[in-house]
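Participant: My questions will all concern the structure given below.
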Amino acid sequence: MSDPALKRVVLASNNAGKLREFAALLNTAGMELITQGELGVSEAEEPHVTFVENALAKARHASAATGLPALADDSGLCVHALRGAPGVYSARYASLNGGEKSDAANNARLVKDLARESDRRAYFFSVLVLVRHAADPEPLIAEGRWHGEVIDTPRGANGFGYDAHFLVPSLGKTAAELDPAVKNANSHRAIALRHLLERLKGIS
């Protein structure tokens, strides 16, 4: 990593699954990742309708509270037959209709909404935003897409979110059936991180 200031970065999330994925990839680049919760930072508001605006809001919030560079991810599952839903509302998809805010409830609503649909194509989308400080006028932004399809019956226990319902045809497994190392090499976050690391090369 060319910029010494980016050796220690706060992750604008308390999601343990995201931390594992990000840390596995960023540690090899010499970046120590610490969650905002460990530093006593509250969750940021996510009022926007686009992934990039939400990610930027989260990154600036974490950086302002800690004085550290911050990395934020806003990601979700986009389903063709549902016109891109759940999209930015993936984490609270069920609660939008009065249901509970949980992975199980979100997956149940997704399967129900697709009950009469034959087109099961979907993709996970991730936007990463890295700010060097809260007022950074040039945030680094990278994105990644991971294509697959939604299945009704969950398979696998390694993932989180919609992973057990997201089949990757090229691998013949759901995201939750994949070994973590395989997932970290193929996921939307992995693709976005590789793009981000490419952008970081040579930046001082």
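Read-outs throughout are calculated quantities, based only on the coordinates presented, and are distinct from any laboratory measurement. From a predicted model like this one, the values you see are computed outputs, not experimental measurements. Quick reminder, even Gly has a Cβ in these numbers, built from the backbone with ideal geometry, and neighbours come from all protein chains shown.
Participant: Place a point 7 Å from the Cα of ASN14 along the Cα-to-Cβ direction; which residues of region 26-58 have their backbone N under 11 Å from it?
Facilitator: Residues 36-44 fall inside that zone.
Participant: Each residue of region 91-102 in turn: what ³J(HN,Hα) in whole Hz from Karplus with 6.51, -1.76, 1.60 and θ = phi - 60°, glycine and Pro shown as x?
Facilitator: 6, 10, 4, 5, 5, 5, 9, x, x, 7, 8, 8
Participant: LYS58: which lysines have alpha carbons under 24 Å from its alpha carbon, excluding same-chain residues fewer than 8 sequence positions away?
Facilitator: Straight-distance partners of LYS58: LYS7, LYS18, LYS101, LYS201.
Participant: Kindly express, to the nearest 10 degrees and within the range 0 to 90, the angle between helix 16-26's C-alpha long axis and the longest C-alpha principal axis of the chain.
Facilitator: Long axis of 16-26 versus the principal axis of the chain: about 50 degrees.
Participant: Can you work out the FRET efficiency for the pair ALA135 and ARG92, with r the C-beta to C-beta distance and R0 = 25 Å, to the nearest 0.05?
Facilitator: Calculated transfer efficiency: 0.30.
Participant: Continuing with the same structure: Rounded to the nearest 10 degrees, what's the angle between the helix 51-66 long axis and the longest principal axis of the chain, both from Cα atoms, 0 to 90?
Facilitator: On a 0 to 90 degree scale, this one is about 40.
Participant: Please tell me the relative contact order of the chain in percent, rounded to the nearest whole number, where contacts are Cα pairs under 8 Å and at least six residues apart.
Facilitator: 20 percent
Participant: For helix 188-200, what angle does its Cα long axis make with the longest principal axis of the chain, in degrees from 0 to 90 and rounded to 10?
Facilitator: Helix 188-200 sits at roughly 20 degrees to that axis.
Participant: Further question: Which longest uninterrupted range of the chain lacks any GluC sites (Glu not before Pro) assigned by DSSP to a loop state (not H, G, I, E or B) and surrounded by at most 13 other Cβ atoms within 10 Å?
Facilitator: Longest site-free region, per DSSP loop and neighbour criteria: 118-204.
Participant: About the Cα centre of the chain, what is the dipole size in debye to 20, counting +1 per Lys and Arg Cβ and -1 per Asp and Glu Cβ, all else neutral?
Facilitator: Here the chain has a charge dipole of around 240 debye.
Participant: For the chain, list log₁₀ I(q)/I(0) at each q in 0.08, 0.12 Å⁻¹, using the Debye formula over Cα point scatterers of equal strength and ignoring solvent, two decimals each.
Facilitator: -0.26, -0.60
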